[in-house]
Every structure is written in C-alpha cells, then in structure tokens.
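For reference, the structure is listed below as structure tokens.
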Amino acid sequence: MPNLATNRAKFNLLGHRYRAVAAPANLFVALGTAATTPTADTNTMGEITEIAAGNGYTAGGIQLTPNATDFDTYVEDDTNDRAYVQVRDVVWTASGGNLPASGAGASWAFLTGPNATVANREIDAAFDLTSPRVVSDGQTLSLLNLEIRIN
Amino acid sequence: MAYLSDLFPPDDARTEADAEGRAWFTLDPDVVYPYVLARIAEALETGVAPPAIREQLLPRARALPELAWAHAETPRDELPATISPERLADRAAALDIVRLWALELQHAACGYVSRGVHIVKRPAWRD
C-alpha cells in the first residue's frame, strides 16, 4: 500500500548507523483516522488521531521486535536506487463489537518507535489504507507487507 | 520455466555475507517483470490471483488506466518525449505494483521465510 517514510525516521536511521544511537527494543504498528493526513514532516503520534481503543485494539497498536522475523523482507533495489524493508503481516481481530469501538474507522497505519506515552512515540512511516476501515465482531483487519521505502 | 523459484535464483555471495544468516535471492527485472506483467493482465481479466495479492494489489492494479500498463512494458528511454508527468506517475505506480507482486510471488516460492532480495540494475525498468 502507498506509504511514506518520515524525515524523523531517516534522521533516526542515520543516528543508528553513524552515531551508534541504540536501536529501539520494540516498534509498534498503530492505526489512525483520516482526521489528520500525515506528511514527511509528521514526528509523533500526538500529531495524528489514533482510532478508539477497545474491542481488540490496544492504544499504541501491535508491538513488533526489530528482527528478521517481524521485518521479514529486505530489498536492495539497484534498478530504482532504493531500499525497502517489509513488516510481517499484522492482524487485529474485533472482539466484543466493532473495531474501532467508536468514532471514525482506520484510514492510516503507522509504524512507530517505543515510548511509554503513546502520544510521544515517533512515527517512522505512514501507510494509506485508502478508505476508512471498520470490522465487525469476529472479523479481522489485516495489514499485509507494510513496506518502508528509503530513496 | 519449471518452477516459480527458478525466477529468483539464490544470491550465494550475499547470503554468505549476511550477518543475520538470512538467505538472499536475485530478482532480475528483465526476467521477472515480463512474467509478472502477464500474470497481472490475467488477473485483471479473471480476478484470479493468490489471496494476499488479490486483497492488496489487485485493487490498486484495477485503479490504474490501461495505458499505464502499456507504458510499464515500455523501456524508460523509449517512452515518448511528450509523455506527461501524470502518465509517468501512472507508469511508476504500475511498476511499483509489478515489484510488489514479484516480491509476494518470491516470498511464496521460498516458503515465506525471512529473506533478502537484490533487484539488479535494469535501467529500462526504472520508474
């Protein structure tokens, strides 16, 4: 799905490589509404509107570990002079009612860094889900092959 | 082609050098992209595709104008000089779908293991 890597993500990548800044122990995939359209300048979850928690969705989203299991596809593209990494399939199951439990559906997914306060989590990448998604009790919301692209 | 995996030969040098022990494969656009473009044309006509592709990529493929696929098959340096930025963007979107489609096929061919893929330089397929 169409995606954008934030400038903060590029900044952090350089820090890990060239200034030995410790890589995060965990990352997260969170869902947001269409209330705010993210741009490359978007820095933290506090700048966007997360979907309502409940019915199978935990505030902050699903936790990932930065390893070969959760980021299972590495690509070096010499044709277009880019690199990509893809996330394993991420799935939420609605339980006890609709997911999101209230409010607008999920229009964006975000790959974020860790922070105890969700609003302070840095956004590495945003993925356009094309249209607001709401799933009913027992149904799944699946995001397959989320991809971070570095030009 | 006997097997789908034949499209994506192993890259032994990159596999040996990978610090995480990840297997690497080669994706040559000159070999793989024409094959994938034919699969996309079939899927657009029949609606039949592997589940992950049908759910994620086929709707994006359907949303593109037919001309985008003709331009995707045209080498970058043979495109008409008068092609508009909009048509170039459509071609880039089509080639992005081709790449993702190929990666999904490759992932299935290697049993969905964690792996690396090296797309070799083929300027004709540049977006």
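Every number in this text was worked out from the coordinates using simple rules, so none of it is lab data. Model, not experiment: these values are computed from the prediction. Note that each Cβ is placed from the backbone with ideal geometry, even for glycine, and that neighbours are counted across all protein chains shown.
Points worth noting:
- Any hit, segment B:29-49, residues being of a type in the set (Gly, Ala, Ser), in contact with a strand residue (DSSP E or B) (Cβ under 9 Å, 6 or more places away or on another chain) and part of a helix (DSSP H, G or I): no
- Filtering segment A:1-36 to residues that are free of Cβ contacts under 8 Å to residues at least 40 places away in the same chain and not aromatic (Phe, Trp, Tyr) leaves A:ASN7, A:LEU14, A:GLY15, A:HIS16, A:ARG17, A:ARG19, A:ALA20, A:VAL21, A:ALA22, A:THR36.
- Only listed residue being without any contact (Cβ under 8 Å) to a residue 12 or more places away in the chain, under 26 Å from A:ALA68 (Cα atoms) and surrounded by fewer than 16 Cβ atoms within 10 Å (Cβ to Cβ), chosen from B:GLU42, B:GLU86, B:GLU55, B:GLU66: B:GLU55
- B:ARG54 among the charged types (D, E, K, R) and within 13 Å of chain A (Cβ to nearest Cβ): yes
- Whichever residue in segment B:94-126 is surrounded by fewer than 18 Cβ atoms within 10 Å (Cβ to Cβ) and without any contact (Cβ under 8 Å) to a residue 40 or more places away in the chain and, among such residues, is nearest to the other protein chains (Cβ to nearest Cβ): B:LYS121
Residues checked against (1) among the small types (Gly, Ala, Ser); (2) in contact with a Ser or Thr (Cβ under 9 Å, 6 or more places away or on another chain):
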{"site": "A:ASN26", "(1), (2)": "no, yes"}
{"site": "A:GLY32", "(1), (2)": "yes, yes"}
{"site": "A:PRO38", "(1), (2)": "no, yes"}
{"site": "A:ASP41", "(1), (2)": "no, yes"}
{"site": "A:GLU50", "(1), (2)": "no, yes"}
{"site": "A:VAL75", "(1), (2)": "no, no"}
{"site": "A:GLY96", "(1), (2)": "yes, no"}
{"site": "A:ALA109", "(1), (2)": "yes, no"}
